[in-house]
Amino acid sequence: MILQIIADGLIVGSTIALGAIGLTMTYSLLRFANFAHGEFIAWGAYLALTFLGFFIALGGGGAMAPLGPFSFGWQLLAALVAGAIATAILALVLDWLLFDRLSAQGSAIVLTIASFGAALALRNFLQFVYGTLPAYYTRELQIAIHIVPRDVGGGLRATPDQLFVLALALVLVVGLHLFLQRTTAGRAMRAVAHNPALARVTGIDVASVVRWTWILGAILAAVAGTFAGLVGQLRPQIGFDLLLPLFAAAILGGIGSVPGAVIGGLIVGLAESAAVPLIGAEYRAAAAFGVLIAILLVRPQGLFAERAK
Amino acid sequence: MSAALEVSGLEAGYEPGLAIVRGASLGVAAGEIVALLGPNGAGKSTFAKAVAGLVPIFSGSVRLAGKEIAGTKAHLLARAGLGFVPQTENVFAPLTVAENLELAAAVAHVKAKQRLPELYALFPDLAKARRIDAGRLSGGQRQMLAMARALVPNPRVLILDEPSAGLSPKLVEHAFAKLTEIAASGVAVLLVEQNVKAALAIAARGAVLVEGRVHVDAPARDLQVPGVLERLFFPHAEAAAP
Amino acid sequence: MSEFLPVLSYATFFLVFASIFATMALGLNLQWGYTGLFNVGVAGFVAVGAYASALLTTPPDAGPGAVRVVGLGLPIVVGWIGGTVAAGLVAAAVGFAALRLRHDYLAIATFGIAVVIQLVALNAQKLTGGPFGIQFIPKPFDAQLDGSLAFNALYLALTLAALGCVYAALQRLAASPWGRVLRAIREDETAAEALGKRAFAFRLQSFAIGGAIMGFGGALYAHFVGYIAPEDFLPILTFQIWTMLIVGGAGSNRGAIAGTVVVWAIWTIAGNGLRELIPAADQARAASLQIVLVGVLLAAMLLWRPQGLLGPRPSKSPSA
Ligand SMILES: Nc1ncnc2c1ncn2[C@@H]1O[C@H](COP(=O)(O)OP(=O)(O)OP(=O)(O)O)[C@@H](O)[C@H]1O
Ligand SMILES: [Mg+2]
């Protein structure tokens, strides 16, 4: 039982972590809490659905031939990439239309209000386009494999799709970490997050770094959304429901810290899955709020704040 | 000979219609150190930031090696040879010393492999600390890193905003000796300072900024006469006295 | 004469809602307009007020299949007071956790509390009736009046009086030394820091009172409609109140009221227009489009007229 709770928590947590990374990066670079980030997740998931249909039609229609043990074929991977690119474009357009103009006017909190409005508009537009019924990438049934037999810690079962999600999330996180630590573009992002004025006099084109941050954040959000849709189902509220866990994870990890967002995401995921036997599945979503309030009261700067002075 | 940095009639400020620098003119030649002095709130930092492209310029001209640069974006100025060391928060604390310098080199398309050893030779303290996060450096080391970072692209002009602030007299001496060395290599240095004595000791000329205008621009030794600066800093003091 | 009755009835209905929303917008104006506190959980505080008042005044479900087993059947006035106080207490608790911190943490914490309140409303069936909500909430003078027009008119008088009282009280508060301190805290970080712990106390008071006013608005709503359910308190409500305040002009109580009327009118007209234009099968989608429209209105307002219709001229950006 306990092993299964941990495994479920890690799978949910890896989705939260991917979303929280994007959130923490835009938060620390652009200096506002972007409530529209959840909608990038939802749009990413649904855009992937649209592209999936396109790629399946391209391959002659019919059903998608699964890859190995997974429930999906190459078409979903292609759709994941295309959906992520389209979501990045969506984020850039939103920045150009709204956030960039507002940040020229000054106050960060006005950006937060605007993002709240943008979130509702985006979510409802999504509902307008796709309707409110749940959707699925694939109807293929998945059989959970026994990874740990039942007599050890209650046993552990996971579907191949879940393991795929976990593995790809891990690859993305490690890749992103290396990108931020080793490459010029990644270091420039950290530099801008730390001190935009100093970044400018150092010769960094802050506007371009901001654009790349939107792109990266949106890509990770789209991947998170597609993962959530793959191991669960697609609903228009998929992004809204993740928003509170994302914020909890980002603050728990310390705003601006990518490793922090990952660990925060995993902790929130674990808290959610542990909440199910403790307070009931219907209150699962309250676990993130509990984590959030606890961290605000005990250590508001988060576990790994990067903004060391 | 045209000066490396030539500012004339500069008006600049943070909000439109609210000029803080109000028609200031100043020139710095290659290899020269000019001290920009003035009372608190005179607009010295604003002047420096406006030249560096961080504060909007309303009117006037700024020439870098003869080329008009007013209105150019700060990051392009940095790449074009204008180095600026802000007064506070002038290093990237979460990055290591080496990463600070490598980043500056990469964005200016300077070969770090070549340039960093030169800077480490100029600032041996940094060479020892290269793997340490800049946020954990001592005050003196941090100031050295800030200078080194600004020097990475081999700027023609180096502007420093109160580099002596918060440093012990011994460290100030050390830092200013480095500045003399830097100027001797042909860089035009504009030194914004509160520490008048130390600044005039290394500067060729001193300029006094009061209420957004340069009131005096004179050889440093003429300003070192006791009482002269006080009168320049507070021109209204006599009138106000009974 | 009789053909005017539906119009009249609709007009009073429209105005009752407008005055209830305006009351909520005044609460938000105290928090945001005067104090610079960013509350993304307006719907949550409104819900607390509505549910608390409903529970105090409505008897539990009767019969063998009863879902909701809590309910007191007290007078409506008690419900209004109880709803106001309950929302104020919840606001105080959230404020206590988040107000010492960066201003956007308050936004996130209030967002979170609204989510949790929504969860409780949906799932604590014995208390809240779950998705079915609370029905047969008593309406004032319902027994004495016949016909919805009479009730609507009477309730309009009530809500207008309530709005007038809240407005007058807030105007007085804003002009008092307490109100001046709030503005000083909002506009000048150094002043706020100089006040230190007291600045926190001022913010907390403002936030709690604002939350209480929202709760009062929720209570007014519950006893007008007579039926509340979790879906009445979704984030869209928060968003509507925000748009009303921003359109009217944050920082001005009169602006908050004017903005409410304007946005509520736009909302209603857009809703009716879309229902006309879009075929019946797609009505649910029409509702989505209505929200998109108001979202665009909010964004446009922030971009092109951030001070709103009646707001004070921007001296400096609030809490930069
Ligand atoms: N970011 C800012 N926004 C608005 N006004 C500013 C800002 N920074 C400085 N000022 C104002 O500009 C004026 C000049 O400030 P500045 O920092 O340029 O003076 P200074 O000569 O460098 O003073 P000091 O010797 O104290 O460093 C002051 O009145 C100050 O209040
Ligand atoms: Mg200064």
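Identify, please: which residue in the range B:44-58 is open to solvent by 50 Å² or more (accessible area, probe 1.4 Å) and more than 9 Å from ligand 1 (Cβ to nearest atom) and is, among those, nearest to the other protein chains (Cβ to nearest Cβ)?
Per the stated criteria, the residue is B:56.
Please name all residue pairs, on different chains or six or more residues apart, with Cβ atoms under 6 Å, provided the first residue is in the range A:103-118 and is among the polar types (S, T, N, Q) and the second residue is at pLDDT below 85.
A:107/C:317; A:107/C:320; A:112/C:104
Kindly establish whether residue B:95 is under 18 Å from the mean Cα position of the chain (by Cα), without any contact (Cβ under 8 Å) to a residue 40 or more places away in the chain, away from ligand 2 (no atom under 16 Å from the Cβ) and within 14 Å of chain A (Cβ to nearest Cβ).
Answer is no for this residue.
What's the number of the only condition in (1) free of Cβ contacts under 8 Å to residues at least 12 places away in the same chain; (2) away from ligand 2 (no atom under 16 Å from the Cβ); (3) facing chain A (nearest Cβ under 8 Å); (4) acidic (Asp, Glu) that residue B:89 fails to meet?
Here residue B:89 meets the rest and fails (2).
Does the range B:157-177 include one or more residues that are away from ligand 2 (no atom under 16 Å from the Cβ) and within 14 Å of chain A (Cβ to nearest Cβ)?
Looking only at the range B:157-177, we keep the residues that are away from ligand 2 (no atom under 16 Å from the Cβ), and these are B:157-158, B:168-177.
Retained after the next criterion (residues that are within 14 Å of chain A (Cβ to nearest Cβ)): B:157-158.
Scanning the range B:157-177 turns up at least one residue that is away from ligand 2 (no atom under 16 Å from the Cβ) and within 14 Å of chain A (Cβ to nearest Cβ).
Can you work out which of the residues in the range B:165-194 that are of a type outside the set (D, E, K, R), within 16 Å of ligand 1 (Cβ to nearest atom) and within 19 Å of residue B:32 (Cβ to Cβ) is surrounded by the most Cβ atoms within 10 Å (Cβ to Cβ)?
Restricting to residues being of a type outside the set (D, E, K, R), within 16 Å of ligand 1 (Cβ to nearest atom) and within 19 Å of residue B:32 (Cβ to Cβ), the top hit is B:191.
Within the range A:192-209, does at least one residue satisfy the condition of being basic (Lys, Arg) and either under 20 Å from the mean Cα position of the chain (by Cα) or part of a helix (DSSP H, G or I) (or both)?
Yes: the range A:192-209 contains one or more residues that are basic (Lys, Arg) and either under 20 Å from the mean Cα position of the chain (by Cα) or part of a helix (DSSP H, G or I) (or both).
Report, ordered by the first and then the second residue, all pairs with beta carbons closer than 9 Å, sequence separation of six or more or different chains, a first member in the range C:60-77 that is in the same structural domain as residue C:136 (by TED's automatic domain parsing) and open to solvent by less than 40 Å² (accessible area, probe 1.4 Å), and a second member that is at pLDDT 75 or above and among the basic types (Lys, Arg).
Matching pairs, first to second residue: C:68/C:126; C:76/C:139.
Would you mind finding the one in A:24, A:15, A:87, A:50 that is part of a helix (DSSP H, G or I), within 14 Å of chain C (Cβ to nearest Cβ) and of a type outside the set (A, V, I, L, M)?
Exactly one of A:24, A:15, A:87, A:50 is part of a helix (DSSP H, G or I), within 14 Å of chain C (Cβ to nearest Cβ) and of a type outside the set (A, V, I, L, M), namely A:24.
Being farther than 15 Å from residue B:160 by Cβ, more than 7 Å from ligand 1 (Cβ to nearest atom), in a strand (DSSP E or B) and open to solvent by less than 40 Å² (accessible area, probe 1.4 Å): is that true of residue B:10 here? Full working, then the answer.
Working: farther than 15 Å from residue B:160 by Cβ: yes; more than 7 Å from ligand 1 (Cβ to nearest atom): yes; in a strand (DSSP E or B): yes; open to solvent by less than 40 Å² (accessible area, probe 1.4 Å): yes.
The answer is yes for residue B:10.
Looking only at the range B:63-92, count how many residues are open to solvent by less than 10 Å² (accessible area, probe 1.4 Å) and within 16 Å of ligand 1 (Cβ to nearest atom).
The number of residues fulfilling the criteria is 4.
I'm trying to understand the selection: among the residues of the range B:27-43, which are open to solvent by 10 Å² or more (accessible area, probe 1.4 Å) and within 14 Å of ligand 1 (Cβ to nearest atom)?
B:39, B:40, B:41 - these are the residues of the range B:27-43 that are open to solvent by 10 Å² or more (accessible area, probe 1.4 Å) and within 14 Å of ligand 1 (Cβ to nearest atom).
In the range C:232-251, which residues are facing chain A (nearest Cβ under 10 Å) and of a type in the set (Gly, Ala, Ser)?
Residue satisfying the conditions is C:250 alone.
The values are calculated or read from the model by the stated rules, or taken from the named source; none is laboratory data. Because the structure is a prediction, the values reported are computed rather than measured. Don't worry about glycine lacking a Cβ; one is built from the backbone with ideal geometry, like all the others, and counts go over all protein chains shown. Only protein heavy atoms, including side chains, enter the accessible area calculation; ligands, DNA and RNA are left aside. Shrake-Rupley method; radii C 1.70, N 1.55, O 1.52, S 1.80 Å.
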